[in-house]
Every structure is written in structure tokens, then in C-alpha cells.
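Here's the structure we're looking at; comments come further down.
The values are calculated or read from the model by the stated rules, or taken from the named source; none is laboratory data. The structure displayed is predicted, hence computed values, not measured ones. Neighbour counts are summed over all protein chains in view; Cβ atoms, including those assigned to glycine, are modelled from backbone coordinates with ideal geometry. Accessible surface is based on the protein model in full, side chains and every heavy atom, while ligands, DNA and RNA are left aside. Shrake-Rupley method; radii C 1.70, N 1.55, O 1.52, S 1.80 Å.
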Amino acid sequence: MTKRSVEIVVSPREPHFVGDGFRVHNFIPSGYRLDMQRMNPFIMLDYNSKFYFDPSDTPRGVGVHPHRGFETVTIAYKGKVEHHDSSGGGGVIGEGDVQWMTAASGVLHKEFHEKEWSKTGGEFQMVQLWVNLPAKDKMSKPKYQALENSKINRYKSEDLKTEIEIIAGEYKGIKGSASTFTPLHLYNVKMTKYAKTEMNLPKNFNTALLVIEGSITINGTEKVDTNHFALMANDGESFTIDANENAVYLVLSGEPINEPIAAHGPFVMNTRQELVQAFEDFNQGRFGTLEE
Ligand code: MN
């Protein structure tokens, strides 16, 4: 098994607000090396690093907006998000939970801090990831996978120092909880100080780690601190991770979808014509209706 090296460690960019409820650092597609193709099928990653929100009687968030052509994956580390969509669906994503929403042919939805949480306020920390769909599935039916933390499949190392929540894909033969359209792995890893673990991921799978808490060292030499993102080169399969202190990090690894990407705002298609169609369908109300 050849060793996979770190290509670059990316520092968090200046944060910006999405609506008034998500203060995020964008890691993908931030230009430079991390455009929409480099981490394909992961085409967007916004990370709300730990941020304190004051109590508010009016929940903060982002109002009604559409999506088409991909999936949105929301991973809540701190705080709670409430969502509603045009099909009448809705729910709360609590701490540790993951929501895997297949927007596919199109949804209209809104995402806000959960009402009661909002009244108390507190620390908020969350990841939103967009996973691309292959052309043949872009116009399939929308669906949700609500993954409650307690129901996410997990691996525990023998020494109990490493716990891996397998959100999707598999780890050492344990299957992930979410079903996906293309082969990919998504893990939330928790390690105690001085724990060591190894990852073996196919060389051609685009792979990266986002450190949520603490600090880790990859391959014994590359230190990655909190809120930093390590892009792995496609030069091998296996790499090691040492926890310098108690640490939590997200591992993304997926087989690239070798198709053109035409993206604008909330639509990610293959051609410009399909984007024009998406805007037209949205303007004609074909995504349904949802109250603000
Ligand atoms: Mn959205």
C-alpha cells in the first residue's frame, strides 16, 4: 500500500454570512486548487466554525431558496437547525445529527436555527457539504435521509481511543448509514489525545480532512490545527493520523464523477442549457411553493 501524502493544508478563509444564521468559512470551491472539480464529487463545503449567537426571539437563518442537481449534507456539531421544504417535509437537525438531502430535480427549502434553541442562543458549529450527482440522477426524485446521531453506524478501535461515525461509505467492513448515488466515504472521527489511526482510501478518490476540534498530525509530519483543511494528494492509499490532543475531524473521500460541471448559485448541472432550464423552472414556480 503506497502512502498518500498531504498536498496542502488550507487555513480558514475570512468568514461570511449565509442569511443571518450561518457564519461560514468556505473551503470548496475557494478557487486556487479547491475548485469544484478538485474535490469532486464534493463540490461545496461551508464550515460554520464555533460561533456564539445571542438569544433571539426571531430565529436566524436563510429564507426560501431552491436547489437542483446535487445533494446537501448538513452535519450539526453544536446548535440546532430546523428546515422546511416545498413538499411539506421538515425537521430538526440536532447536535451530532446529519441530514442528507437529495435535492436532485429540485426542492425549495428554508433553514433556520431551531426556535427554542434560538431563544437561548449559544455556540453554533456546523458543516454544509454539497455532493454532486451524476447526470443520470440529477433529475431524480428529491428525498431525505435524517440520520440521528445514535443511529449512525460506528467503528470503535480496540483501545477505545478512536471512534468513527460512518456517515456514508464504509470503514473496515462497517457500512455507513446514508445511501449514496456514487461511491464515497464520509466519516466523523473522534480521537482521544495520543491516539493513532490509519486510513486506507482508494488512490483516485479525492480525499480531504477538516479538523473540527483539537489538532492532528498526518503521516507523522503534517500538523493540522482546528478549523484547518488538509487536502490529500492522489498519490497513494494509506495515511496515518495522530491526535495531538482530543480531536474531532471529518474525512471526505469520493470517486470523482467525470462529467462537466455547469454551476450557478443553487443549481449544479452539466450544461449551460440545463442551468437556463433550472432558472426558468424556478421562475415558473415548478419547484413548488413555500411560505417565507
Ligand atoms: Mn439550502
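Look at (1) away from the ligand (no atom under 16 Å from the Cβ); (2) over 24 Å from PHE27 (Cα atoms); (3) outside any loop (DSSP other than H, G, I, E, B) and you find that ILE241 fails only one, number (2). Just a yes or no: is a residue in the stretch 210-222 of a type in the set (Gly, Ala, Ser), at positive phi and touching a residue at least 24 places away in the same chain (Cβ under 8 Å)? Yes, the stretch 210-222 contains a residue that is of a type in the set (Gly, Ala, Ser), at positive phi and touching a residue at least 24 places away in the same chain (Cβ under 8 Å). For residues in the stretch 67-79 being out of contact with any Lys or Arg (no Cβ under 9 Å at 6 or more places or on another chain) and buried (at least 22 other Cβ atoms within 10 Å of the Cβ), which is farthest from GLU111 (Cα to Cα)? Restricting to residues being out of contact with any Lys or Arg (no Cβ under 9 Å at 6 or more places or on another chain) and buried (at least 22 other Cβ atoms within 10 Å of the Cβ), the top hit is GLU71.
Selection of the stretch 266-277 for residues being in a loop (DSSP other than H, G, I, E, B), closer than 19 Å to HIS109 by Cα and open to solvent by less than 30 Å² (accessible area, probe 1.4 Å) yields an empty set. Going by the conditions given, is ALA263 more than 19 Å from SER157 (Cα to Cα), surrounded by fewer than 19 Cβ atoms within 10 Å (Cβ to Cβ) and within 16 Å of the ligand (Cβ to nearest atom)? When the stated conditions are applied, ALA263 passes them. Where in the stretch 16-112 are the strands (runs of 3 or more DSSP E), entirely inside, with at least 3 residues that are in contact with a His (Cβ under 8 Å, 6 or more places away or on another chain) and within 11 Å of the ligand (Cβ to nearest atom)? Where strands (runs of 3 or more DSSP E) fall fully within the stretch 16-112 and carry at least 3 residues being in contact with a His (Cβ under 8 Å, 6 or more places away or on another chain) and within 11 Å of the ligand (Cβ to nearest atom), they are 61-67, 81-85. Restricted to the stretch 124-168, and to residues there that are within 15 Å of the chain's Cα centre (by Cα) and of a type in the set (Gly, Ala, Ser), the residue that is farthest from the ligand (Cβ to nearest atom) is ALA168. Residue under question is ALA243, and the condition is that it be closer than 30 Å to TYR187 by Cβ and modelled with pLDDT of 95 or more; does it hold? For ALA243, the condition - closer than 30 Å to TYR187 by Cβ and modelled with pLDDT of 95 or more - is met.
Among the residues examined, SER179 does not qualify as polar (S, T, N, Q) and touching a residue at least 60 places away in the same chain (Cβ under 8 Å).
Residues in the stretch 80-93 that are in contact with a Ser or Thr (Cβ under 7 Å, 6 or more places away or on another chain) and of a type in the set (A, V, I, L, M) were compared, and the one that is surrounded by the fewest Cβ atoms within 10 Å (Cβ to Cβ) is ILE93. Only a single criterion out of (1) out of contact with any strand residue (DSSP E or B) (no Cβ under 7 Å at 6 or more places or on another chain); (2) surrounded by 18 or more Cβ atoms within 10 Å (Cβ to Cβ) is not satisfied by ALA135, namely (2).
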